[in-house]
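Just below is one structure, and these are the notes that go with it.
The values are calculated or read from the model by the stated rules, or taken from the named source; none is laboratory data. In this text the structure is predicted, and so the values were computed from the model without any measurement. Virtual Cβ from ideal backbone geometry, glycine too; neighbours counted across all protein chains shown. To get the accessible areas, we keep the full protein, side chains included, count just its heavy atoms, and leave off ligands, DNA and RNA. Shrake-Rupley method; radii C 1.70, N 1.55, O 1.52, S 1.80 Å.
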Amino acid sequence: MSAPFDIAIVGGGIMGCATALRLADGGMTAVILDQGDLGQGASGVNAGTLSLQIKRVALMPYALRGHREWQAMGDAVGFHRTGGYTLAFTADEAALLQERQALKAAAGAPISFVSPNELFTHEPHLARKVAAASFCAEDGYANASLTGAYYRARLSAAGVPYRERQEVRDISRTQGTYDLVTPGGTIRARRILLAAGAWLRPLASHLGVDLPVRARVNTVSVTERQPPLLGSVIGHATGLLTMKQKPNGTLLIGGGWQGAGQPQDGRGQVRMDTLRPNLALAQHVVPALAKARILRSWTGFEANVPDFYPLAGSLPGLEDAFVLGCVRGGYTIGPYIGKLMGDLILGRELELPLFDPGRDFERTDP
Amino acid sequence: MTGDLDTDVAVLGAGPAGGNAALGAARAGLRVALVDEQQDAGGQVWRAKGKAIRAAPETPESRAGSQLRALIAASAVDHLADTRLWQIERHGPAWRLGLLQGGEPVQLTARALVVASGAREFVQPVPGWTTPGVLGLAGATALLKRDMVVPGAATIVAGTGPLVFFTAAEIRRLGGHVQAIVTPNTRADWMRALPAMLVRPDLLARGARWMADLALSGVPIHWGHALSRVIGEDRVVGAEVHPLDSDWRPAGPVREIAADSLCLGNGLVPSIEAAQLAGCPIRHDPALGGWVPDADDEGKTPVDGLFVCGDGAGIRGAAAAAYQGSLAGQGVARFLGAQVPGIGPRHLRRYRRAAAFGRAMTALSAPRPGLSSLIDDATVLCRCEGVTSGALRQAIAAGATSANATKSGLRCGMGPCGGAYCQTAVTRQIAVSTGRSEGEVPPPTARPPLRPVPLGGLAGDIAYEDLPIPKPAPL
Amino acid sequence: MIRLIPDQSRRIRRTAEVTFWFDDAQIPAHEGEPVATALLRAGQLRLRDAPTVAEGASAARGLFCCMGACQECAVEVDGAVVEACRLEAVEGLRVRSLGRGA
């Protein structure tokens with residue numbers, strides 16, 4: 001029997017891959033297993049927004065470092081730092097925006113408020129109904145579709161093997177080694193990291209751990225190529241809209257409107273009763289979109305736990321077993337928190353603390 | 001919501017299969033809505049003449065179509081013509097369909113669903129196949145039947161199976177000039193199909209007449225040849241044709257034929273996206289044209305209340321589609337506790353006989369592996385996004401080994417056609433490059449909308465104040 | 001020459017002629033005829049230019065599937081993208097090509 005890997009990572013999304021790269025850098029042998037293709041879960045189907053304006057206050061230090069990671073990944077992931085505006089259309093929304101952006105600015109995000117004049121000078125296609133707008137020059141986006149191709153190349157260059165379409169059907173531990181049963185055979189490893197996003201709960205149950213992971217079913221849509229309509233990332237005070245125009249002219253419309261379905265049943269489904277208001281909101285913000293054709297709408301499963309803070313650390317009650325997932329704003333923060341996770345496993349000092357998966361999830365602080 | 005409709009049975013597609021399924025379910029006393037994007041029922045094969053044609057001679061196809069249209073008009077079926085289906089959802093036991101009628105959103109709720117979405121064409125990509133003047137072979141038949149217009153002044157008709165000869169005959173009937181027929185099939189291929197064709201002496205006789213006419217008129221037929229390159233920059237000026245070996249790999253000297261138009265097609269592929277959106281599992285069956293919804297002869301699928309029939313359930317031809325439509329009508333009626341009078345074992349026998357003929361034609365039309373070698377690195381596979389075979393080869397070599405992965409990494413299949421015209425060639429190339437069978441490389445996940453639709457048409461007229469905005473995310 | 005398939009083109013009766021605009025060209029059509037078909041008859045095969053093409057390849061695109069699926073014949077009417085093969089010609093209709101000279 002061949003020697004066990006130092007670590008098996010289950011889940012080939014951003015967090016699993018970023019951790020693997022850090023571990024390989026630290027001299028560990030890692031293998032990644034994914035039930036589908038690399039980067040085809042939430043990492044590959046989200047709207048790609050990199051916005052400090054929609055990050056949680058307590059996660060701002062991680063998000064700021066996440067932005068630097070994306071900037072370094074650059075063209076290979078379709079990174080664009082465009083700046084972003086968050087819009088309020090009513091007095092209530094404006095008050096909400098003022099209150100929230102002040103706290104986020106205090107946490108380190110360079111957010112300021114801009115006049116309607118300034119807003120419409122930069123974004124002339126926005127509806128002239130805006131009551132208030134905040135701006136953050138750090139905001140932008142990357143192309144989530146490229147996640148898989150990016151990490152395949154990085155992992156190959158780093159000599160980290162990955163196995164796609166290899167669902168982990170069982171995990172057991174004998175004599176200090178984890179055995180992971182996959183269709184292609186049993187993989188043995190001294191350590192294990194679960195980084196399977198919305199699929200964490202059934203995965204952890206193989207190890208007798210119950211993680212209170214639930215999934216949101218976020219909807220994203222894309223239009224046909226359009227003439228220039230937006231130069232920056234646009235958000236809404238409630239967080240229910242993200243919008244950006246890619247260099248190829250297509251517009252990506254998200255905002256976390258909920259589709260249907262469960263991760264264990266495969267891909268989620270778009271629902272008309274949430275897609276339609278999502279698109280109506282986009283049209284309210286950019287009226288010219290009314291005639292743009294929608295080419296595709298889809299959903300992605302975003303995992304979370306009851307306190308909406310990450311799971312990042314040792315699995316409670318087990319040795320050499322770790323979990324990473326449920327990061328609110330996980331696309332932005334993923335490449336950075338993956339590095340932290342790698343440092344934890346390598347026994348290095350951490351730049352920022354991680355989030356104990358054994359905590360009491362009913363409390364509001366991590 | 002602008003309009004909400006409610007029915008017992010929703011039938012998607014008003015061709016021979018969907019039309020007959022709808023008629024059957026209506027005869028069982030059920031309320032039936034027949035949804036179709038064309039103005040008139042008939043589908044592609046029994047297509048109606050367009051609005052610009054006031055009178056024209058009939059053909060067997062136009063007569064069959066007229067009969068179906070008359071039956072639908074005289075029935076209780078609610079025919080939602082010129083209506084685009086963009087979404088299929090399950091809500092408890094009910095189906096909810098997203099439709100677009102005259103630019104306005106309509107939701108249709110149904111207790112059971114019959115998907116009769118028909119087929120699309122597989123056009124073998126060859127260098128230059130995006131040049132204006134190149135029509136799909138099935139596309140050309142639409143032009144000939146609906147508009148009664150020929151593709152050009154001198155047309156090369158190229159491809160597999162019976163459709164090349166039908167198209168050539170129709171071009172001649174409408175006064176056009178067929179420059180040449182180019183078909184990978186050989187006379188021997190046709191001789192081998194002959195026993196299966198004997199069940200349809202009418203079609204056999206018609207085919208014989210086409211062949212005799214072509215011979216008398218001196219139209220060259222290049223048996224065992226493929227159209228291997230389109231010549232022309234901004235419009236077709238001709239084509240190169242190659243002789244093929246038995247695997248349909250080019251072998252032997254190339255020749256050039258001048259033409260101002262080309263019709264090109266290599267068999268049909270079931271349109272399965274609607275069935276996929278409805279949650280139907282799919283399986284790969286090369287004898288039925290590739291990926292098909294999992295269903296029995298009567299169109300019953302593993303999904304409760306979902307039936308599929310016609311070419312969308314597997315390519316068996318229009319005659320079989322009509323019978324299978326009746327069977328699916330019976331199936332859906334039974335599912336809802338009703339009964340269609342007069343549908344019995346006789347129908348099943350007729351269906352099987354017609355299907356045997358259709359499958360023989362599918363076998364003749366299916367491209368053999370060597371035909372893919374007509375593609376060179378510069379050949380465009382994804383017409384919408386301009387993705388070449390060479391780019392796909394590199395992406396596969398870099399580890400993108402599924403249709404979803406090449407779609408994400410390369411954008412092939414992300415354009416307006418939704419992958420309809422590249423998917424077969426793309427998954428074939430992935431399979432060949434990774435040493436797997438085509439059945440091991442499924443198509444990408446189906447996504448709504450099933451056709452591009454204007455955002456305003458989906459959003460409708462929801463006022464900002466009425467947007468259902470939930471409480472903000474945690475700070 | 002002996003024909004077993006008779007030429008029936010003279011027995012087809014069509015609707016009255018109308019004229020529509022394709023960019024700056026006036027195109028004759030039978031009323032209700034698909035715009036793409038009328039353009040084909042007028043010898044106007046290049047309906048649009050593709051947004052992305054491989055190096056050295058022509059961007060010219062025209063009618064292909066004739067049934068509203070492939071989107072190759074997409075044109076613009078009143079700022080909206082529509083399939084020319086499903087768009088009926090009416091007198092004075094203004095149709096613009098996509099991706100050409102834009």
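Observations
- Relative contact order of region C:15-95, pairs being alpha-carbon contacts under 8 Å that are 6 or more residues apart, as %: 37 percent
- Helix-derived mean residue ellipticity, 222 nm - over chain A, DSSP H n ≥ 4, -39500 (n - 2.57), to 500: -8500 deg cm²/dmol
- Whole-Hz ³J(HN,Hα) from phi, Karplus 6.51 cos²θ - 1.76 cosθ + 1.60, for region A:247-255, glycine and proline x: x, 7, x, 6, 10, 9, 10, x, x
- Considering chain A at the alpha-carbon level, its Rg and Dmax are found to be 20.6, 69 Å.
- Of all DSSP-defined beta bridges confined to chain A, some 75% are antiparallel rather than parallel.
- Amide H to amide H distances under 5 Å link B:Ile231 with B:Val237, B:Gly238, B:Ala239, B:Glu240, where only residues 5 or more positions off or on other chains count and H is placed in the peptide plane.
- The GluC sites (Glu not before Pro) found in region B:56-144 that occupy coil by DSSP, while having at most 15 further C-beta atoms within 10 Å, are B:Glu58.
- Residues along region A:221-270 losing 30 Å² or more of accessible surface when the other protein chains are present rather than the chain by itself (probe 1.4 Å): A:Glu224, A:Arg225, A:Thr238, A:Leu240, A:Trp257, A:Arg267, A:Val270
- Sum of -39500 (n - 2.57) over DSSP H runs of 4+, divided by residues of chain B (222 nm, nearest 500): -9500 deg cm²/dmol
- Each Cα pair under 8 Å and six or more residues apart adds its sequence gap; the mean of these over the residue count of region A:211-304 is a relative contact order of 39 percent.
- Of all DSSP beta bridges in region B:32-113, antiparallel share, percent nearest 5: 85 percent
- Using a 1.4 Å probe over protein heavy atoms, the accessible area lost on pairing B with A, summed over both chains, comes to approximately 4400 Å².
- Coordinate range along principal axes, alpha carbons of chain B, Å, largest first: 68, 62, 42
- Cys residues of chain B that find no other Cys beta carbon under 4.7 Å: B:Cys263, B:Cys280, B:Cys309, B:Cys384, B:Cys417.
- Partner shielding of B:135-144 amounts to 5, given as the average count of beta-carbon atoms from other chains within 10 Å of each residue beta-carbon.
- Dipole magnitude of chain B, debye to nearest 20 (Cβ charges: Lys/Arg +1, Asp/Glu -1, about Cα centre): 1200 debye
- Shielding score for C:37-43, defined as the mean number of other chain Cβ atoms within 10 Å: 4
- Solvent-accessible area of region C:15-95 (1.4 angstrom probe, protein heavy atoms only): carbon and sulfur portion equals 47 percent.
- Rounded to the nearest 500, the helix-only mean residue ellipticity at 222 nm of chain C stands at -1500 deg cm²/dmol, with each DSSP H run of n ≥ 4 adding -39,500 (n - 2.57).
- Taking amide hydrogens as placed 1.01 Å from N in the peptide plane, the amide H of C:Leu47 sits under 5 Å from those of C:Arg61, C:Gly62, C:Leu63, each at least 5 positions away in sequence or on another chain.
- Cut-off 13 Å between beta-carbons: net charge of the residues surrounding B:Val77, Lys and Arg +1, Asp and Glu -1: 0
- Dipole magnitude of chain C, debye to nearest 20 (Cβ charges: Lys/Arg +1, Asp/Glu -1, about Cα centre): 460 debye
- Antiparallel %, DSSP beta bridges [both residues in the protein assembly as shown], to 5: 65 percent
- For the residues of A:301-309, the average number of beta carbons from a partner chain within 10 Å of their own beta carbon is 1.
- Alpha-carbon centroid distance for the pair region A:10-69 / region B:40-67, whole angstrom: 57 Å
- Coupling constants for region B:232-241 follow from the phi torsions by the Karplus curve (6.51 cos²θ - 1.76 cosθ + 1.60, θ = phi - 60°), and in residue order they are x, 8, 9, 7, 5, 10, x, 8, 9, 10 Hz; glycine and proline get x.
- Inter-part distance where region A:183-220 and region C:1-45 are each reduced to a Cα centre, Å: 62 Å
- Taking every alpha-carbon pair under 8 Å whose residues sit at least 6 apart, chain A reaches a relative contact order of 23 percent.
- Once backbone amide H atoms are built at 1.01 Å from N, A:Tyr162 has A:Ile32 as its partners under 5 Å, excluding neighbours fewer than 5 places away on the same chain.
- In order along region B:213-229, the phi-based Karplus estimate (6.51 cos²θ - 1.76 cosθ + 1.60, θ = phi - 60°) of 3J(HN,Hα) comes to 4, 5, 5, 5, 8, x, 6, x, 10, 8, 6, x, 10, 10, 6, 10, 7 Hz; Gly and Pro are listed as x.
- Ratio Rg/Rh, restricted to the protein assembly as shown and using Cα atoms, in which Rh is the Kirkwood radius: 0.99
- Quotient of C-alpha Rg and 2.2 N^0.38 Å, computed over region C:15-95: 1.08
- Relative to the longest principal axis of the Cα atoms of chain B, the long axis of helix B:60-74 lies at roughly 10 degrees.
- Computed from Cα positions, the angle between helix B:163-173 and the longest principal axis of chain B comes to roughly 80 degrees.
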